[in-house]
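Enquirer: Quick one: structure below, then a few questions.
What follows is calculated from the coordinates using simple rules that are stated; it is not laboratory data. Given the structure is predicted, the values throughout are model-derived calculations rather than measurements. Neighbour counts run over all protein chains shown; Cβ positions are idealised from the backbone, glycine included.
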């Protein structure tokens, strides 16, 4: 008898507790007038690509705080839910699943790298969810996929910027040396594809491994063809070795590098060999050198001040991708009440949005929205950057 | 002609580095029958310790070099003491897997201490490259060749002329017999680890100025060194040196005359070829009988 009664009390207890909980929660949530606008973020905050993901995560948070301080979107505050992908495609896919199914986000920003982005594109396409990638690969938005956008500049614009400069110096023959990984391959593809448009012939194409210590053999081969310029496409440390080898071999052909080395780190690595090297870079690196009539100057300076005062660290060239993404979404989400189809349509129609990475003009055929003006050419002089026309 | 000479210079420089790394592999193999797949990581440690000592602490060149080699040699001995000797059933496959684990562990440590960025360090001497018939020879290459020759000669002397060196050789030939005549074989193994990883560190310190050392540089260098050792004859001092130079020169000529895409393929193609035709390497250890 006694034990039976005991059993009977347990469901009662559970029911009481549940009821109490429900009452408590409803009273807590009842206070906020409107539900928060949930944005998912997936960045490689740790792991090999943390130099991208860490500033992106911070910039996303910064943009959300700024928008919330102004009252949010149509009175609804933004809420960022951020997961770390560790630059691992399978972890990224899992995070996207969590964001969509458990957290119920309206849109997703990130991931930081091209492989992780390509891994999640099928999922967001199926879920019909507006998605803005922070990775640079051309394949993300080409061909155009209805729900996929990206804010990082691509190799297409970087190559165009370099070739415009080479053309203006009346150079017709170039030798290219690219790193043997996805970044280098994509650069090589663009360098070869766009050359004829600028009346340029690629007389020699060479490659080097990511951890090679000596590129003199490749450079000697390039020198045999007497090119008017050498274009090197890679990320540190390879291009610094190339710069050193060019100096050591006494090659006096102008050397162009890609935006992949546009950081003070490259100057530190290459030392005196960096002098005179030309490269395209996003404007954030040279924000204070820009002329006052540059449309992006004010936006860049504001972002740099806000970022550096909030996080007490030097701004990086990559956080802007996430900052732009949040601001673009906020613009597109106005008046949609979270309707994903409407947000997507609005995104596609955004024109002249002045961002960190450039001035965005999206269209049905262009989901990156940037043109070569997103880049400026700089020359390394006395260990720092100098704008070139 | 000028180009060929330039390829040769480049090949000899790289070859010297492969040779030192290969010697490290060979030395350990001849005294313990063990292939240390963490060897490349000790090369990385050598380079990065050198960066810390020479750049951060501003030590002069030679003390920094010696100290880095000592530190890494000590780390190698610690590795033997903690991870290799404590294994209850020291079968080769178990030990090799332990070294693979150690390589991942050391890379992680390298990343934690020195960060993910590459580092740079000034060349040992700042003279401009020397012009020989239109081809440029870097002064650092001369340093590399000189140090490699010195180290090789020193090792040769150690194995042939000193009691400890002979004791090590005895251990290599038969551990049991060496133990019977009173040679402390455990100490010899420990010493072999110290010397082998120290050799790796030598390679790391001398290439630090021409490459940009970073935590992930070790793997590829280790593999190339392993190829060179196999090529020349694993377990043979001169075989490893020969294998290293051969690999470096063929790689450079492959890049120059065929295609730079084939650079890494050259090493591994050559290795396969040698293993098919002459399993023991060019100077097979059977005919040289270890060191």
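Enquirer: Assuming R0 = 22 Å, what is the FRET efficiency of residue A:185 and residue A:371, from their Cβ-Cβ distance, to the nearest 0.05? Don't jump to the answer; show the numbers that get you there.
Expert: Working: r = 24 Å, r/R0 = 1.07.
Efficiency, from the Cβ-Cβ distance: 0.40.
Enquirer: Calculate I(q)/I(0) for the protein assembly as shown by the Debye formula, one identical point scatterer on each C-alpha and no solvent, and give its log10 at q = 0.10, 0.11 Å⁻¹ to two decimals.
Expert: -0.98, -1.11
Enquirer: Also, quick follow-up: Could you give the angle, 0 to 90 degrees to the nearest 10, between helix A:238-248's Cα long axis and the longest principal axis of the Cα atoms of chain A?
Expert: Roughly 20 degrees between the two axes.
Enquirer: Express the relative contact order of chain A as a whole percentage, based on alpha carbon pairs under 8 Å and six or more residues apart in sequence. Kindly include the intermediate steps, with their values, before the conclusion.
Expert: Numbers: 728 pairs, mean separation 62.5, N = 389.
Here the relative contact order equals 16 percent.
Enquirer: Still on this structure, I have one more. Mind checking the angle between helix B:92-114 and chain B's longest principal axis? C-alpha axes, 0 to 90 degrees, to the nearest 10.
Expert: 50 degrees
Enquirer: Give, in whole angstrom and from largest to smallest, the semi-axes √(5λ) of the equivalent ellipsoid of segment A:240-340, with λ running over the eigenvalues of the Cα gyration tensor.
Expert: Details: eigenvalues 262, 43, 36 Å².
Output for segment A:240-340: semi-axes of 36, 15, 13 Å.
Enquirer: Another one. Starting with the fewest neighbours, write out B:179, A:233, A:385 ranked by other beta-carbon atoms found within 10 Å of each beta-carbon.
Expert: Numbers: B:179 15, A:233 30, A:385 19.
Result, fewest neighbours first: B:179, A:385, A:233.
Enquirer: On to the next question. Express in whole angstrom the spacing between the alpha-carbon centres of segment A:220-255 and segment B:160-239.
Expert: 36 Å
Enquirer: Now for a different question. Using only the Cα atoms of segment B:116-217, what are the Rg and Dmax in Å?
Expert: In Å, with Rg to one decimal and Dmax whole: 19.0, 60.
Enquirer: Next question, about the same structure. Would you calculate the separation in nanometres between label points at residue B:150 and residue A:194, each defined as 7 Å from the Cα along the Cα-to-beta-carbon direction?
Expert: Inter-label distance under the simple model: 4.9 nm.
Enquirer: Next question. Which FRET efficiency value, to the nearest 0.05, is calculated for residue A:139 and residue B:112 with the Förster distance at 30 angstrom and r the Cβ-Cβ distance? Intermediate results must be reported in sequence, preceding the final value.
Expert: Values: r = 34 Å, r/R0 = 1.12.
Approximately 0.35, to the nearest 0.05.
Enquirer: For segment A:174-241, what class follows from the C-alpha gyration tensor (a ≥ b ≥ c being the square roots of its eigenvalues): rounded when a/c is under 1.5, otherwise prolate if a/b is larger than b/c, else oblate? Before the final figure, lay out the partial values.
Expert: Values: a/c = 2.53, a/b = 1.29, b/c = 1.97.
Since a/c reaches 1.5 but b/c is at least a/b, the shape of segment A:174-241 is classed as oblate.
Enquirer: R0 = 56 Å: FRET efficiency of residue A:102 with residue B:268, Cβ-based, nearest 0.05?
Expert: Values: r = 46 Å, r/R0 = 0.83.
My answer for the efficiency is 0.75.
Enquirer: Sort B:97-103, B:248-254 for me by packing, meaning the mean count of neighbouring Cβ atoms within 10 Å per residue, highest on top. Working shown, then result.
Expert: Details: B:97-103: 17.0, B:248-254: 22.1.
Output ranking for B:97-103, B:248-254: B:248-254, B:97-103.
Enquirer: Would you calculate a helix-derived [θ] at 222 nm for chain B, using -39,500 (n - 2.57) for each DSSP H run of n ≥ 4 and dividing by the full residue count, to the nearest 500?
Expert: -23000 deg cm²/dmol
Enquirer: Can you check how the C-alpha radius of gyration of segment A:105-261 compares to 2.2 N^0.38 Å, as a plain ratio? Don't skip to the end; give the middle numbers.
Expert: Values: Rg = 17.7 Å, N = 157, 2.2 N^0.38 = 15.0 Å.
It is 1.18.
Enquirer: Among A:310, A:145, A:244, which one shows the highest mean-square fluctuation when chain A is modelled as a Gaussian network with alpha-carbon springs under 10 Å?
Expert: A:310
Enquirer: Compute the label zone of residue A:337 within segment A:94-133: residues whose backbone N is under 17 Å from the point 7 Å along Cα-to-Cβ.
Expert: It comes to A:106, nothing else.
Enquirer: Select from A:330, A:243, A:119 the residue whose mean-square fluctuation is largest in a Gaussian network model of chain A (Cα-Cα springs shorter than 10 Å).
Expert: A:119
Enquirer: Separate question: With axes computed from alpha carbons, what is the tilt in degrees of helix A:89-98 against the longest principal axis of chain A, rounded to the nearest 10 within 0 to 90?
Expert: 30 degrees
Enquirer: Given a 10 angstrom Cα cut-off, can you work out which residue in B:54, B:19, B:83 is the most mobile in a GNM of chain B?
Expert: Looking only at B:54, B:19, B:83, the largest GNM fluctuation is found for B:83.
Enquirer: What order do you get for A:128, A:364 when you list them from fewest to most C-beta neighbours inside 10 Å? Intermediate values should be presented prior to the final figure.
Expert: On the way: A:128 12, A:364 9.
Fewest-to-most ranking of A:128, A:364: A:364, A:128.
Enquirer: No solvent, one uniform scatterer per C-alpha: report log10 I(q)/I(0) for chain A via the Debye equation at q = 0.13 1/Å, two decimals.
Expert: -1.06
Enquirer: Can you sort A:249, B:28, B:271 from fewest to most other Cβ atoms within 10 Å of each residue's own Cβ? Numbers along the way, then the final one.
Expert: On the way: A:249 18, B:28 27, B:271 21.
Ordered by Cβ neighbours within 10 Å, fewest first: A:249, B:271, B:28.
Enquirer: What is the mean number of Cβ atoms from other protein chains located within 10 Å of the Cβ atom of each residue in peptide B:209-221, rounded to a whole number?
Expert: Numbers: counts 1, 7, 9, 12, 3, 5, 0, 3, 4, 1, 1, 5, 2.
Average neighbour count from other chains, rounded to a whole number: 4.
Enquirer: Compute and list, largest first, the equivalent-ellipsoid semi-axes of segment B:2-288 from the alpha carbon gyration tensor, each √(5λ) rounded to a whole angstrom.
Expert: Details: eigenvalues 174, 105, 66 Å².
Working through the eigenvalues yields semi-axes of 30, 23, 18 Å.
Enquirer: Let me ask you something else. For segment B:1-155, what is the Kirkwood hydrodynamic radius in Å, using each pair of distinct C-alpha atoms? Each step should come with its number before you reach the end.
Expert: Details: mean 1/r = 0.0568 Å⁻¹.
Here the Kirkwood hydrodynamic radius works out to 17.6 Å.
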